[in-house]
Amino acid sequence: MINTTQTIERNKLDIALELTQLHLNRYETNHPDQLSEIYAKYYALLEVLDLSSYDQLIDLLPDGLKQTLE
């Protein structure tokens, strides 16, 4: 029997790949070197977010959204 309630763990590499795919679906890329640059930027963003505290991340949100979360 398959457990359908089990959560799927995704790491930063997986998420960066998904973000890169979404980016490529929305924006055209004319040069293959851009692909690695786009992926690297998303991965770097995920690294920064992973090392940031909740309070640091909340400070980046617009005031209206902050009030919704409080």
Charges on Cβ only, +1 for Lys and Arg, -1 for Asp and Glu, centred on the Cα centroid of the chain; of Leu19, Leu51, Thr68, which one is farthest towards the dipole's positive end? Leu19
Relative contact order (%) - the chain, alpha-carbon pairs under 8 angstrom, separation at least six: 32
With each label point set 7 Å from Cα along the Cα-Cβ vector, what nm distance links Ile15 and Val48? 1.4
Only Lys, Arg, Asp and Glu count, each charged at its Cβ (+1, +1, -1, -1), so figure out the dipole size of region 30-70 about its Cα centre, rounded to 20 debye. 100
What label, among (1) 3, 13, 16, 14, 16, 17, 11, 6, 2, 0; (2) 3, 15, 21, 16, 14, 12, 9, 7, 3, 0, 0; (3) 3, 18, 21, 17, 13, 10, 8, 6, 4, 1, belongs to P(r) over Cα pairs in 5 Å bins from 0, in percent computed from the structure on display? (1)
About the Cα centre, charge dipole magnitude for the chain (Lys/Arg +1, Asp/Glu -1 at Cβ), debye: 180
Which residue fluctuates the most in the chain, going by a Gaussian network model with Cα springs under 10 Å, if the choices are Leu57, Leu17, Leu45? Leu57
First measure r as the distance between the Cβ atoms of Gln67 and Glu28, then evaluate 1/(1 + (r/R0)^6) with R0 = 35 Å and state the FRET efficiency to the nearest 0.05. 0.40
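Where a number appears in this text, it was derived from the coordinates with a stated rule and is not lab data. All values derive from a computational prediction rather than experimental measurement. Backbone-built Cβ (ideal geometry, glycine too); neighbour counts: all protein chains shown.
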